[in-house]
Every structure is written in C-alpha cells, then in structure tokens.
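See structure below.
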Amino acid sequence: MEVLELKAEKRTLKRTKAVRKLRATGHIPAVVYGHKEDNVLLSVDGGEFGRVLNAGARMINLAYDRTKESVLIKDVQYDNLSDKVLHVDFARVSMDERVTLKVPIILTGSAVGVKAGGVLTQTMKNIEIECFPAAVPEDIKINVSELEMGKSIHVKELPSIAGIKYLSDAEAVVVSVHHAAEEKAVSEEELLAGPEVITKKPKEESGA
C-alpha cells in the first residue's frame, strides 16, 4: 500500500470566528491525537486533502513543524448540505500495532435478483475492521452477481481477507434484494432508524 504524505500547519486559535476564517482561505481545521501524546491543532490545504481522499488513502504520513508522523484519517466531518470537508481527525499509529477503523463497502456486479425485477438495498455502507496499519484496505468489495430475490449478504459472509478482522455484528445485513413492492416499507424502516452517524464533531470545534 502506497503511503501518501500530507503537509499541515500548526494553528493556535480554535474560536469559531478563527475557524471560519481558516475555511474561507481553502484550508481545513484538523487535529492529530493518540499514543499518549498531546493533541495538536492543525490546518491542511483543502485541495491537497481532497487529493489524498480521492486516492483512497486511509493511512498517511503527516508532515508539520519539522515532524512527520504515521497517522490514520480517523474521522472526516462534512457539511450537511454539501460535500465540503469541515474538519479532520488524524490518529497516530504504530506500524506494529493493530488499529480499528471503518472502511467503505463497494458493490460490484449486477444481482440476478435485480434482473428479475427486484430492488437492491445496501443497508451497510461502511464496516468496522481491525488490522495492522500497512494492511488497511481502501475498501471492501462485494460481488453481488449471484444475489437472488429475497436473499441477503451478511457480515459473516463477507470475503475473507488476510490480516483483516471484521468487527461489525456478524449477523448484520450488508445488502439484500427484495420485491419492488417492499421498497416503500424498507425506506420507511430506514427513516425510522435515523441517519447513520459517520463522524462526530471534535470538542475543540464546538460551535464552529
């Protein structure tokens, strides 16, 4: 796995006004933490961070203030009305320690159940895994070509990948195909369950 480098700058101000001014210049407020070391407030260039995200990188070398650290992109906070990144959490890692994180689930192929008139629903978009930093995958791919009408794929049925341990509930449904008439009921059930919480706003950015 290629490890990309991202440059950052230290920041001292964390007030709402200062954070907004930072974002207005095209930069993203961030924080790096972990390994019993002090939290460090940072800012990263929005374009450069976008390049890292588009490359599918999860572990990177973070360079700032004559320091270079191996970190995981732990949390990314997005604006509710757009895909604009508002804040990033970086977690320090050691290459010989296992880490836990969530990675996206990507579906491939065309399900036979859909070809028969069914509707495919991906219930789980991300899955929590455990592995060594060097083994962090960009995503988990699932081939749904053989998924029939009324059938589901559960976490316990995900492909086995060397060095990767799935931490999400083994019985949880990842993707399913159901009759078109059931689509409304499924949507209502998902609405009642509420939106998936992808990230949490760091304490030092409250009110931003």
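The values are calculated or read from the model by the stated rules, or taken from the named source; none is laboratory data. Only a predicted model underlies this, so the values are computations on that prediction, with no experimental measurement involved. Here the Cβ positions follow ideal geometry from the backbone for every residue, glycine too, while neighbour counts run over all protein chains shown. Accessible surface areas use protein heavy atoms only, side chains included; no ligands, DNA or RNA. Shrake-Rupley method; radii C 1.70, N 1.55, O 1.52, S 1.80 Å.
Report yes if residue 116 is within 27 Å of residue 171 (Cα to Cα), in contact with a Gly (Cβ under 8 Å, 6 or more places away or on another chain) and among the aliphatic types (A, V, I, L, M), otherwise no. Let's see the steps before the verdict.
Values: within 27 Å of residue 171 (Cα to Cα): yes; in contact with a Gly (Cβ under 8 Å, 6 or more places away or on another chain): no; among the aliphatic types (A, V, I, L, M): yes.
No, not satisfied.
Evaluate segment 110-121: report whether one residue or more is on the phi > 0 side of the Ramachandran plot, at pLDDT below 95 and not hydrophobic (A, V, I, L, M, F, W, C).
Filtering segment 110-121 for residues on the phi > 0 side of the Ramachandran plot gives 117.
Checking the rest, the ones that are also at pLDDT below 95 come to 117.
If we keep only those that are not hydrophobic (A, V, I, L, M, F, W, C) as well, we get 117.
Yes, because at least one residue in segment 110-121 is on the phi > 0 side of the Ramachandran plot, at pLDDT below 95 and not hydrophobic (A, V, I, L, M, F, W, C).
Per-residue answers, yes or no, for (1) in a helix (DSSP H, G or I); (2) under 16 Å from the mean Cα position of the chain (by Cα); (3) acidic (Asp, Glu); (4) surrounded by fewer than 18 Cβ atoms within 10 Å (Cβ to Cβ):
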residue	(1), (2), (3), (4)
38	no, no, yes, yes
50	yes, yes, no, yes
56	no, yes, no, yes
71	no, yes, no, no
82	no, no, no, yes
106	no, yes, no, yes
129	no, yes, no, no
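Taking only segment 20-36 into account, find how many residues are closer than 13 Å to residue 85 by Cβ and surrounded by 16 or more Cβ atoms within 10 Å (Cβ to Cβ).
In the first step, residues of segment 20-36 are kept if they are closer than 13 Å to residue 85 by Cβ; the result is 22-23, 26-30.
Next cut, surrounded by 16 or more Cβ atoms within 10 Å (Cβ to Cβ) only: 22-23, 27-30.
Total satisfying the criteria: 6.
Could you check segment 108-122 and list, in sequence order, the residues that are touching a helix residue (DSSP H, G or I) at 6+ places or on another chain (Cβ under 8 Å) and open to solvent by 40 Å² or more (accessible area, probe 1.4 Å)?
Taking segment 108-122 and keeping what is touching a helix residue (DSSP H, G or I) at 6+ places or on another chain (Cβ under 8 Å), we get 117-121.
Scanning segment 108-122 gives 117, 120.
Among (1) closer than 30 Å to residue 27 by Cβ; (2) in contact (Cβ under 8 Å) with a residue 60 or more places away in the chain; (3) not hydroxyl-bearing (Ser, Thr, Tyr), there is one condition residue 174 misses while meeting the rest; what is its number?
(1)
Of all strands (runs of 3 or more DSSP E) completely enclosed by segment 137-178, which ones contain at least 3 residues that are over 19 Å from the mean Cα position of the chain (by Cα)?
Details: elements: 140-143, 152-154, 173-178.
Strands (runs of 3 or more DSSP E) meeting the threshold: 152-154, 173-178.
Out of all the residues in segment 144-151, is one or more open to solvent by less than 60 Å² (accessible area, probe 1.4 Å), in contact with a Gly (Cβ under 7 Å, 6 or more places away or on another chain), among the small types (Gly, Ala, Ser) and at pLDDT below 95?
The answer is no, given that none of the residues of segment 144-151 is open to solvent by less than 60 Å² (accessible area, probe 1.4 Å), in contact with a Gly (Cβ under 7 Å, 6 or more places away or on another chain), among the small types (Gly, Ala, Ser) and at pLDDT below 95.
Among the residues of segment 168-182, which ones are more than 19 Å from residue 107 (Cα to Cα) and either buried (at least 20 other Cβ atoms within 10 Å of the Cβ) or of a type in the set (A, V, I, L, M) (or both)?
The answer is 180, 181.
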